[in-house]
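> Please find one structure pasted underneath; my questions will follow.
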Amino acid sequence: MKYDISPLIIFTILTIILAFIALGPFFFFLLTVDIFFWIYFFIVRKAVRYLEIRSTLFPSRVFTDDEVRCETMIKSTSNIPLLIEVKDLSSDGYLFSGNKEISGLLEKGTMTLLYTMKFRTRGEHYFQDIKIHVSSFLKLFSIERKVSLERKILVFPKILPIERINTPLIDPVPGRKTDFKILEDPSRINGIREYYNEPFQKIHWKASAHTGEFMVKEYEYTGSSKVMMYVDYNLPQEIYARNVWAHMRRDYEEYASMAASGFVKYFYDRDIPVNLKVMADKVYTVKDKDYIPYLEVLARSQGIDDPSESLLLQNQITSDIFSMSRTSTIIIISMYLTDGIIPKLLMARSRVAQLSVFVIPYGFRMPYEKKYDTYSVLPAEIKRLKDQSTVLIQNNVMIHVLMDNESFDEAIKRYEKTVDTF
């Protein structure tokens, strides 16, 4: 605890000086007042020391821009009234409702500080101290106490809704049986979606009549694919203007984590196993039956600006090359790729069923946002990579550089239409 008793000391000194000048009723009155405030100070200090402080956060795990309810209770067991101010220093989120400060008179009871916060960025967010300030009625002294409570919250990245992505279905699912070569079970309808270059027998005529557009039935599958996903949070070594891109990388991490979470949830809903690798301050690997562990890793991982050789995307692909097979689909999410990685991509593609690469230099548009004009200019290295994407598509390598006004679904659909032209 910290004390500010300088006004009380000055008052005491003035009382002593008055004693040397003249003794009288007024001096004895001041002396009585002085003694009273010193006793009052020690009593208040003891009461502040024994204040009970409890703070709760609910829920402890949220997605970005979800509400977190923060409640702090200060309980006094003393009969001495305390003129108290409470401030919750909180964390790096933003206040949504309520107030992080409260003041008033507390006397053998409880004072509650209640507010809600939201967080724009993923990761572990730690709450700071709770500061209590108590002052005397005549401002002759003040007492400050800071209480450190272990309070933290894990913020998951927002899950990007993925409408559809094709993956080769290789391994049969136990308990399912069908004669369809594409391993779809027509007895299990999963939903409907917009028609695109598919057999007419799949058209859902009632839904088409209702919407005015051709809609097709989406069946559950009797087979599953194996997905290997690489998410690179780090800054590549070959990149120029590192200081500029290092600042942009922090925003990129948020976009990359949203996209990766969307893919994980998409495959989880379809019982497709995912082996996830995140290149950050170290290599994080996840393979689980539930999607929550994936979100935890995507939330906690923090990229770096100067990664070592072992943390580079191309080196991780090379080290995993012998674990890739024709039953695998590879998805890569990166901020910045040069044309030097193309041989690595073609080598990986020669061993797997499908390879999809998403390069996100400036982020992307969420599917519920309106299309807008963009004036972003691609760096020369990424532009060369984008120009070579046609050749890569011919080799069944989906590589798409998303501009900030494009959505993931638009990129995937554009690739499917381009494939049909070859």
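> Largest first and in whole Å, what are the equivalent-ellipsoid semi-axes of region 46-127 based on the Cα gyration tensor, each being the root of 5 times an eigenvalue?
One finds semi-axes of 29, 11, 9 Å for region 46-127.
> Next question, about the same structure. Treating cross-link reach as a plain straight distance, find the aspartates and glutamates whose alpha-carbon is under 16 Å from the alpha-carbon of Lys131, omitting any fewer than eight places away in the same chain.
The qualifying aspartates and glutamates are Asp4, Glu52, Glu71, Glu85, Asp88, Glu101, Glu144, Glu150.
> Just grab the label-to-label distance for Asn396 and Arg164, each label 7 Å out from Cα along the Cβ direction, in nm (one decimal).
Label at Asn396, label at Arg164, 2.0 nm between them.
> When the gyration tensor of the chain is built from Cα positions, what are the square roots of 5 times its three eigenvalues, in whole Å, from largest to smallest? Provide the component values of the computation, followed by the final result.
Values: eigenvalues 808, 125, 68 Å².
Whole-Å semi-axes of the equivalent ellipsoid: 64, 25, 18.
> Tell me which lysines have Cα within less than 19 Å of Lys371's Cα, excluding those fewer than 8 residues away on the same chain?
The reachable lysines, counting only those whose Cα sits under 19 Å from Lys371, are Lys413.
> Using a probe radius of 1.4 Å on heavy atoms only, what accessible surface per residue do you get for the chain? Whole Å² is fine.
Spelled out: the 1.4 Å probe surface of the chain, per residue, equals 52 Å².
> Quote the convex hull volume per residue of region 244-381, based on C-alpha atoms, as a whole number of Å³.
133
> If you don't mind, there's one more thing I want to ask. Just Tyr372, Tyr255, Tyr230 to compare: in a GNM of the chain, with alpha carbon springs under 10 Å, which one fluctuates most?
Tyr372
> Arg120 to Asp65: extension gain in nm, 0.36 nm per residue of separation minus the Cα-Cα distance?
Extending this stretch completely gives an extra 19.2 nm.
> Expected output is a single nm value to one decimal: the length gained when fully extending between Asp288 and Tyr3, i.e. 0.36 nm times separation in residues minus the C-alpha distance. What is it?
The span from Asp288 to Tyr3 would gain 97.2 nm if fully extended.
> Once R0 is set to 51 Å, what does the formula 1/(1 + (r/R0)^6) return for the Cβ-Cβ distance between Arg49 and Asp269, expressed as a FRET efficiency to the nearest 0.05?
My answer for the efficiency is 0.40.
> From Cα pairs below 8 angstrom and at least 6 apart in sequence, can you work out the relative contact order of region 326-394, rounded to a whole percent?
RCO, region 326-394: 40 percent.
> Okay, next question. What order, most packed first, do the peptides 287-296, 355-364 have when packing is the mean number of other Cβ atoms within 10 Å of each residue?
355-364, 287-296
> Next question. Give me the number: length gained by fully extending Glu150 to Asp281, i.e. 0.36 nm times residue separation minus the C-alpha to C-alpha distance, one decimal in nm.
Numbers: separation 131, 0.36 × 131 = 47.16 nm, distance 2.46 nm.
Result: 44.7 nm gained on full extension.
> To continue, here is another question. Hey, could you get me the Stokes-Einstein D for region 105-161, Kirkwood radius over alpha-carbon pairs, 10 °C and 1.306 mPa s, rounded to whole µm² s⁻¹?
Translational diffusion coefficient: 105 µm²/s.
> Here is a follow-up. Assuming R0 = 41 Å, can you tell me the calculated FRET efficiency for the pair Met366 and Ser310, based on Cβ-Cβ distance, to the nearest 0.05?
Approximately 0.75, to the nearest 0.05.
> Please list log₁₀ I(q)/I(0) at q = 0.19, 0.20, 0.23 Å⁻¹ for region 237-323, using the Debye equation with identical point scatterers on the alpha-carbon positions.
Calculated log10 I(q)/I(0) at the listed q: -0.95, -1.03, -1.22.
> Which number do you get for Rg(Cα) / (2.2 N^0.38 Å) in region 1-91?
Computed over Cα atoms of region 1-91, the ratio equals 1.75.
> At 1.002 mPa s and 20 °C, plugging the Kirkwood radius over alpha-carbon pairs of region 232-271 into Stokes-Einstein gives what diffusion coefficient in µm²/s?
It comes out at roughly 185 µm²/s.
> For the chain, which whole percent of the accessible surface, found with a 1.4 angstrom probe, sits on carbon and sulfur atoms?
56
The values are calculated or read from the model by the stated rules, or taken from the named source; none is laboratory data. None of the values given here were measured: they were computed from a predicted structure. Note that each Cβ is placed from the backbone with ideal geometry, even for glycine, and that neighbours are counted across all protein chains shown. Heads up: the accessible areas ignore ligands, DNA and RNA and are worked out on the full protein's heavy atoms, side chains in. Shrake-Rupley method; radii C 1.70, N 1.55, O 1.52, S 1.80 Å.
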